[in-house]
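Below is one structure; the comments refer to it alone.
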Amino acid sequence: MARDLPIARTTDDTARRLAGPRRGRGKERLGLLLLCPALLLVLLLFIYPLFYGLRLSLQPEAGGLLTNYSDFFGDDRERATIGNTLRLALPATLINLAVAIPLAYRMRRRIRGQRVITGLFVIPMTLGTVLLAQGMLSFFGPRGWFNKSLLQLGISDDPIRLVHNATGVVISLAIAEFPVVFLLLLGFVSGIDPNLERAAQMLGAGSWQRFRRIMLPLMIPGIATAFALSFVATFAVLPSAVMLGQPAGETRVIALAAWQAAYERFDYSAGSAIAIIMAGIELLVLGVVLVGRSRLYRGPATGGKG
Amino acid sequence: MATGRRRGIAASPTVWLVYAFVAFFIALVGGIFFTVLFNSFASSWFGGWLPDGYTIRWYRFAVDEFSLWRVLRVTLVVALSVVALSLLIGVPAAYALARWNFRGKNAVLLLLLLPIMVPPITYGIPLATMLYEYGLAGRLIGVIVANLAPAFPFVIVIMIPFIEQIDPNLERSARMLGASPFRVFTRVLLPLATPGILAAGLLVLVRTIAMFELTFLTAGATTQTLVVSLYYAAFAAGIRPTQSIDAMAVIYMSTTTVLLLLALRFINPVQLVSRVKQ
């Protein structure tokens, strides 16, 4: 049913088809010209290093081709870093989505102070994870303002331990990534043609039905994108896991294992192998999300201008 | 759209929930921010709500101890170079991807998306190793090149929907009325895409200044950016008083905030996200 909804897409496609065949060749050449620098750069700065790293990882200092990989998966302490990282990245991402989806949905139509609120959400983006971690050490510390307030309000009798453990890292990741998730979703929701919702309202759909049947399906690509980007960013956690967590214990993340191999033991081969394992896990999650997204995606739902 | 605006809604309970959450978020971030700010001016702070006394000694300490001027200069040069280069490369590519369909377009899109989707430390370690091999790492150019890797694909991702929103009929009309492709670009496309370009540039600027991993892996002793030298300062916390680290943090924060406020003069945060109607 929803497949027929996006009207804008049809007109856009028609326009494209009408304009297409006449000057197709020249356009293709110009398009290629505009794309070329970006393609070259991505090959040079991303694909080549990745293959370089892959080759390096298959040339261990001692042993056979896959020694680095069998070492990683054979060592309990190294293997555990995958679970450690997932236990930080997934909660932070899911918390952010659970809060940002209703918030962005409610703000799809202007509310009073919309501009101030979106502006305020932009500001934490300037903090960065290192600064957040440094500030959180004092703010959430046993003598920090947060615990002082809890004691004062009688919510808790003893200071809650929020830093130097996984909780602190999850909080810092959630705060750092929330603005991105929220702004992404808000952009997506407010890009959905409001006429679709008005039409549903006119046909008698209640507010829950409009959300469940019209807006949520149209938001899914946006939600999938937000999930993917937020998960990637949080999976790469390094500084806050070191500064706010227990880098020797429960928050020894996979990025730290890779860094320690390459820059502390100067075993670039092993470091690259761990980096490649990281990339594999990332790409697996992204692949699942993106394939799911393309199944659900039903063309742009934005209204044309004018 | 006058009928679409119903002011009465502002009083509804769900809006108050929105405000309550915003207040909570601001309290957390504000608390973290002011803890750092107060501590950076504190002569000492033991257990009270506020520091025991105030001093600016830690800022002088930071300037001397962390070679602050050099670090600031490096940060600005790196960030501005990355923004300029990534806009130059990213905007044309985004235009091509937004306007034309061709075989293999999805593969190209995926290829361009990968550097922002894969965590920087993943390709950062091999990239840094490669840059060291070519003698670029440790120098300014190496830090810029490494930071470019996720920056220009990010510009493309931000710009594609912005350009898709510009009605292609506007360009066609201009062409039909005799404008050259260059004139169409400067007079029609550029003005319409400016909010998107500013948004992309702003986000890349902030992301580059806050980009820890890639700079951390490629910077030498004299090419550290603010965030990397802040990390080193915090990492070796035992050696230096926490107030001096917080002074460094305040300087880092003011830099990004000033840049952001400058950018917000040209772009309203609502434009950061696309608003098609209303």
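Any read-out appearing in this document is the output of simple, stated calculations on the displayed coordinates, not a laboratory observation. Just so it is clear, the model here is predicted, and its values are computed rather than measured. Because the Cβ atoms are built from the backbone with ideal geometry, glycine has one as well, and the counts that use them run over all protein chains shown.
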Exercise for review: Could you work out how far apart the two model spin labels at A:D158 and A:L90 are, taking each label as a point 7 Å from the Cα in the direction of the beta carbon, and quote it in nm?
Suggested key: 3.0 nm
Point to revise | Rel. contact order, % - alpha carbon contacts under 8 angstrom, at least six apart, the range A:193-306 | key: 28 percent
Review point. Between B:L190 and A:R109, what FRET efficiency follows from the Cβ-Cβ distance if R0 is 41 Å, with the result rounded to 0.05?
Key: 0.85
**Study point:** Amide proton proximity set for A:D193, modelled H, under 5 Å, gap of 5+
**Key:** A:T302, A:G303
Check your understanding: For B:A42, which sequence-distant residues (separation of 5 or more, or a different chain) have an amide H within less than 5 Å of its own amide H, given hydrogens modelled in the peptide plane?
Key -> B:T55
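Relative to the compact-globule scaling 2.2 N^0.38 Å, provide the ratio for the alpha-carbon radius of gyration of the protein assembly as shown.
Working it through for the protein assembly as shown, the quotient is 1.00.
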Practice item. Apply the Karplus parameterisation 6.51 cos²θ - 1.76 cosθ + 1.60, with θ equal to phi minus 60°, to every residue of the range B:35-43 and state each ³J(HN,Hα) to the nearest whole Hz, in sequence, with x for glycine and proline. Key: 4, 5, 4, 4, 5, 5, 9, 7, 6
Practice item. Specify which residue in the list A:A199, A:G141, B:M159 is farthest towards the positive end of the charge dipole of the protein assembly as shown, using unit charges on the beta carbon of Lys, Arg (+1) and Asp, Glu (-1), about the Cα centre. Key: A:A199
Review point. If you bin every alpha carbon distance in chain A into 10 Å steps from zero, what whole percent lands in each bin?
Key: 5, 19, 25, 24, 17, 8, 2, 0
Check your understanding: To the nearest 0.05, what FRET efficiency results for B:F46 and B:N106 with a Förster distance of 60 Å applied to their C-beta separation?
Key -> 0.50
Revision key, fill the gap. Here the range A:75-82 yields Karplus 3J(HN,Hα) values (6.51, -1.76, 1.60; θ = phi - 60°; whole Hz; Gly and Pro given as x) of 9, 4, 5, 6, 4, 4, 5, 4
Check your understanding: Picking from B:L190, B:W49, B:S173, whose Cα lies most toward the positive end of the charge dipole for the protein assembly as shown (charges on Cβ: Lys, Arg +1; Asp, Glu -1)?
Key -> B:S173
Review point. Build a GNM of chain A with springs between Cα atoms under 10 Å: which of A:L97, A:L45, A:L290 gets the top mean-square fluctuation?
Key: A:L45
Practice item. Calculate, in nm to one decimal, what B:R57 and B:S254 gain on full extension: separation in residues at 0.36 nm each, minus their alpha carbon distance. Key: 69.1 nm
Revision key, fill the gap. For the pair B:V22 and B:S173, the simple spin-label estimate (label points 7 Å beyond Cα toward Cβ) gives in nm 3.6 nm
Exercise for review: Using only the Cα atoms of the range A:116-172, each taken as one equal point scatterer with no solvent, compute I(q) by the Debye sum, divide by I(0), and report log10 of the ratio at q = 0.23 Å⁻¹.
Suggested key: -0.90
Check your understanding: Got a sec to turn the phi values of the range A:197-214 into Karplus ³J(HN,Hα) couplings, 6.51 cos²θ - 1.76 cosθ + 1.60 with θ = phi - 60°, whole Hz, x for Gly and Pro?
Key -> 5, 4, 4, 4, 5, 5, 7, x, 6, x, 5, 5, 4, 5, 5, 5, 9, 10
Review point. Dipole magnitude of the range A:58-296 about its Cα centre, charges +1 at Lys/Arg Cβ and -1 at Asp/Glu Cβ only, in debye to the nearest 20?
Key: 1520 debye
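If contacts are Cα pairs under 8 angstrom and at least 6 residues apart, what is the relative contact order of chain B in percent? Show your work: numbers first, answer last.
Values: 276 pairs, mean separation 75.2, N = 278.
That works out to 27 percent.
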Practice item. Among B:W69, B:W100, rank each residue by its count of other Cβ atoms within 10 Å, from fewest to most, as a rough exposure measure. Key: B:W69, B:W100
Exercise for review: Based solely on C-alpha atoms, express the radius of gyration and the Dmax of the range B:177-233 in angstrom.
Suggested key: 18.8, 61
Point to revise | Convex hull of Cα atoms in the range B:1-123, direction-averaged projection (nm²) | key: 16.1 nm²
Review point. Within the P(r) computed for the range B:59-272, what percentage of the Cα pairs occupies the region above 27 Å?
Key: 41 percent
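Highest mean first, what order results for B:39-51, B:141-153 on Cβ atoms within 10 Å? Walk me through the intermediate numbers first.
Working: B:39-51: 14.8, B:141-153: 25.8.
Result, highest mean first: B:141-153, B:39-51.
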Practice item. Mind sorting B:M253, A:M202, B:M248, A:M136 by how few other Cβ atoms lie within 10 Å of their own Cβ, fewest first? Key: A:M202, B:M253, A:M136, B:M248
**Study point:** DSSP-assigned coil residues among chymotrypsin sites (Phe, Trp or Tyr not before Pro) in the range B:110-188, each with at most 15 further Cβ atoms within 10 Å
**Key:** B:Y134
Check your understanding: Assigning unit charges at the beta carbon (Lys, Arg +1; Asp, Glu -1) and nothing else, what dipole magnitude in debye, to the nearest 20, does the range B:59-272 show about its Cα centre?
Key -> 580 debye
Review point. Roughly speaking, what is the stretch gain from A:M202 to A:K148, that is 0.36 nm per residue apart minus the C-alpha to C-alpha distance, in nm to one decimal?
Key: 14.2 nm
**Study point:** About the Cα centre, charge dipole magnitude for the protein assembly as shown (Lys/Arg +1, Asp/Glu -1 at Cβ), debye
**Key:** 3080 debye
Check your understanding: Going by how many other beta carbons lie within 10 Å of each one, how would you line up A:Y105, B:Y95, fewest first?
Key -> A:Y105, B:Y95
Review point. How about the range B:67-131: which trypsin sites (Lys or Arg not before Pro) there are in a DSSP loop, with at most 14 other Cβ atoms within 10 Å of their Cβ?
Key: B:R103
Check your understanding: Looking at the range A:75-145, which trypsin sites (Lys or Arg not before Pro) are DSSP coil and have at most 14 other C-beta atoms within 10 Å of their C-beta?
Key -> A:R112, A:R143
Point to revise | Percentage of interatomic Cα-Cα distances in the range A:36-90 larger than 19 Å | key: 55 percent
